[in-house]
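Read-outs throughout are calculated quantities, based only on the coordinates presented, and are distinct from any laboratory measurement. Here the structure is a predicted model, which means the values were calculated and not measured. Backbone-built Cβ (ideal geometry, glycine too); neighbour counts: all protein chains shown.
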Amino acid sequence: MKIFLDTANLESIKKFNDMGLLDGITTNPTLLSREQGDPAEAMREITKIIDGDVSLEVVSTEYSGMMEEGRNLRKYGENVVVKVPMTADGLRACKTLTSEDIPVNVTLVFSVNQALLAAKSGARYVSPFIGRLDDIGEDGMQLIEDIDEVFSNYDFETEILVASVRHPMHVIEAAKIGADVVTLPPAVLEKMLHHPLTDIGLANFLADWKKKSSS
Ligand code: E4P
């Protein structure tokens with residue numbers, strides 16, 4: 001399973017990339033708006049730091065605006081994947097961008113039917129938002145299972161990118177299903193690193209070593 005980081009924070013991107021953990025990045029307008037400085041500069045920088053796919057989202061809601069933005073976003077790097085919303089205009093832009101060899105991530109997916117349509121439009125990724133479904137009392141992970149089952153019946157090349165991940169259990173469940181990609185907020189990836197027994201074990205090793213060397 002590929003791990004993407006769901007952030008526009010350069011410090012976090014560099015930190016986890018230096019550990020060899022990142023296969024790509026996803027951003028969105030909200031994540032970019034949280035960071036200081038020029039968003040265009042941040043997007044350019046991210047595409048340079050990361051070898052893998054970097055999703056950059058359009059903010060236009062109609063086809064021609066999405067096309068113009070998508071083509072411009074792609075100029076930031078060959079690894080840019082244009083993110084479009086799951087709307088009729090978004091799917092039309094997905095089809096045209098894909099035909100121009102610009103890969104597309106269809107975002108804000110909340111149903112199997114939406115995922116199916118995004119795949120038909122040629123999306124490289126579909127992004128079901130599981131945490132936001134959980135938030136309204138629906139089962140986000142069940143959606144991943146259902147999309148996985150439907151995609152496995154056909155030859156779609158579209159990958160399932162599990163988005164809106166809230167905690168490490170989401171990651172384990174997505175991996176058990178065999179989802180292609182999870183995109184993680186830095187805080188979730190940080191939590192995955194740690195276990196209290198690792199900390200206790202390390203403290204004990206060091207204390208024993210100190211005792212020995214001072215005896
Ligand atoms: C995915 O690409 C989105 O950026 C993200 O996962 C949204 O997550 P949220 O529901 O935590 O905002």
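May I ask you to list the lysines whose Cα is less than 27 Å away from that of Lys75, ignoring any residue fewer than eight positions away on the same chain?
Within the straight-line limit of under 27 Å, Lys75 reaches these lysines: Lys2, Lys14, Lys15, Lys48, Lys83, Lys95, Lys120.
Whose amide H sits under 5 Å from the amide H of Ser55, counting only residues 5 or more places off or on another chain, with H placed in the peptide plane?
Counting only residues 5 or more places away or on other chains, the set is Ile25, Thr26, Thr27, Val81.
Quote the FRET efficiency, to the nearest 0.05, computed for Ala40 versus Thr98 with a Förster distance R0 of 25 Å and r equal to the Cβ-Cβ distance.
Taking R0 as 25 Å, the efficiency between Ala40 and Thr98 is 0.55.
Stokes-Einstein D for the range 129-187 at 10 °C, 1.306 mPa s, Kirkwood Rh over Cα pairs, in µm²/s?
Answer, rounded: 136 µm²/s.
Extending each Cα 7 Å along its Cβ direction at Ser33 and Lys14, get the distance between those two points in nm, one decimal.
2.7 nm
Quick one: divide the alpha-carbon radius of gyration of the range 56-215 by 2.2 N^0.38 Å and tell me what you get. All intermediate terms of the calculation are to be shown ahead of the outcome.
Values: Rg = 20.7 Å, N = 160, 2.2 N^0.38 = 15.1 Å.
Normalised Cα radius of gyration, the range 56-215: 1.37.
FRET efficiency for Glu157 and Lys48, Cβ-Cβ distance as r, R0 = 35 Å, nearest 0.05?
Efficiency, from the Cβ-Cβ distance: 0.85.
Let me know the shape class of the range 1-141, please: from the alpha-carbon gyration tensor, a ≥ b ≥ c as square roots of the eigenvalues, rounded when a/c is under 1.5, otherwise prolate if a/b is greater than b/c, or oblate. Write out the running numbers ahead of the final one.
Details: a/c = 1.64, a/b = 1.18, b/c = 1.39.
The shape class here is oblate.
If amide hydrogens are placed 1.01 Å from N in the peptide plane, which non-local residues have theirs closer than 5 Å to the one on Met86?
Thr107
Return Ile136, Ile172 ranked ascending by Cβ neighbour count within 10 Å, so the fewest neighbours appear first.
Placing the least packed residue first, the sequence is Ile136, Ile172.
Please give the calculated 222 nm ellipticity per residue for the chain, where each DSSP H segment of at least 4 residues contributes -39500 (n - 2.57) and the sum is spread over every residue; nearest 500 deg cm²/dmol?
Values: 11 runs with 113 residues, N = 215.
The per-residue figure over the chain is -15500 deg cm²/dmol.
How many angstrom separate the Cα center of the range 139-172 from the Cα center of the range 38-92?
23 Å
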